[in-house]
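The values are calculated or read from the model by the stated rules, or taken from the named source; none is laboratory data. Note that the coordinates shown come from a computational prediction; the quantities given were computed from them, not determined experimentally. When we count neighbours, we look across all protein chains shown, and the Cβ atoms used for this are built from the backbone with ideal geometry, even at glycine.
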Amino acid sequence: MNRTVTLAIATLIYGIACVGAVIAETAKDFVGTWTLVSATTEQGGNKSDTFGPNAKGVLVFDNNGRYVITFIGSNVPKFASNNRAAGTAEENKAVVAGSLAHFGTYTVNEADKSFTFRVENATFPNWDNTELKRPFVMTGDELKYTAAASAGGTATVIWKRAK
């Protein structure tokens with residue numbers, strides 16, 4: 001009997017510890033600065049780095065329900081002219097393919113474990129004034145979500161809380 005009670009208590013403690021580490025309950029859990037761990041896209045059975053290898057990114061959620069997100073690939077070339085407005089067609093294409101940014105407001109739906117970006121403006125203008133819902137999992141200082149990728153396929157994005 002004593003062994004059964006001890007096992008039951010240990011199981012309960014373990015279960016509570018695991019649930020507490022995995023579940024983000026409110027928008028407060030999102031607030032802060034996050035750095036990109038990975039962004040991968042799967043399409044037609046092929047998986048690739050969305051913005052190329054070693055991409056960088058930052059995601060900031062503030063207390064007032066605003067956010068900003070930026071992805072920049074490590075292979076984005078410098079412009080030969082040293083003038084952002086005078087890029088060649090190839091340079092401009094590489095920048096568009098290798099980066100993405102948007103900003104606006106966000107809400108968290110605790111019931112279905114999703115959050116929604118309400119995009120005000122984006123470097124992909126088709127997202128201006130749209131809502132992008134993202135199912136998520138938050139484990140400790142890691143945030144992971146999936147989405148329909150802007151270039152096709154399904155994206156999986158992982159962030160870690162900046163220290």
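Yes/no per residue for (1) of a type in the set (D, E, K, R); (2) out of contact with any helix residue (DSSP H, G or I) (no Cβ under 9 Å at 6 or more places or on another chain); (3) surrounded by 16 or more Cβ atoms within 10 Å (Cβ to Cβ):
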{"residue": "121", "(1), (2), (3)": "no, no, no"}
{"residue": "126", "(1), (2), (3)": "no, yes, no"}
{"residue": "134", "(1), (2), (3)": "yes, yes, yes"}
{"residue": "139", "(1), (2), (3)": "no, no, no"}
{"residue": "149", "(1), (2), (3)": "no, yes, yes"}
{"residue": "152", "(1), (2), (3)": "no, yes, no"}
{"residue": "157", "(1), (2), (3)": "no, yes, yes"}
**Item:** Residue within the stretch 130-152 that is of a type in the set (S, T, N, Q), at pLDDT below 95 and not in a strand (DSSP E or B) present
**Value:** yes
**Complete:** For the stretch 48-59, the count of residues that are within 11 Å of the chain's Cα centre (by Cα) and surrounded by fewer than 16 Cβ atoms within 10 Å (Cβ to Cβ) equals 0
**Asked** Does residue 107 fit the bill of being over 27 Å from residue 54 (Cβ atoms), β-branched (Val, Ile, Thr) and either under 19 Å from the mean Cα position of the chain (by Cα) or loosely packed, with under 15 Cβ neighbours inside 10 Å (or both)?
**Response** yes
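Does at least one position in the stretch 153-160 carry a residue that is among the hydroxyl-bearing types (Ser, Thr, Tyr), assigned to a loop (DSSP other than H, G, I, E, B) and either touching a residue at least 40 places away in the same chain (Cβ under 8 Å) or farther than 23 Å from residue 44 by Cα (or both)?
Looking for residues that are among the hydroxyl-bearing types (Ser, Thr, Tyr), assigned to a loop (DSSP other than H, G, I, E, B) and either touching a residue at least 40 places away in the same chain (Cβ under 8 Å) or farther than 23 Å from residue 44 by Cα (or both), one finds none in the stretch 153-160, hence no.
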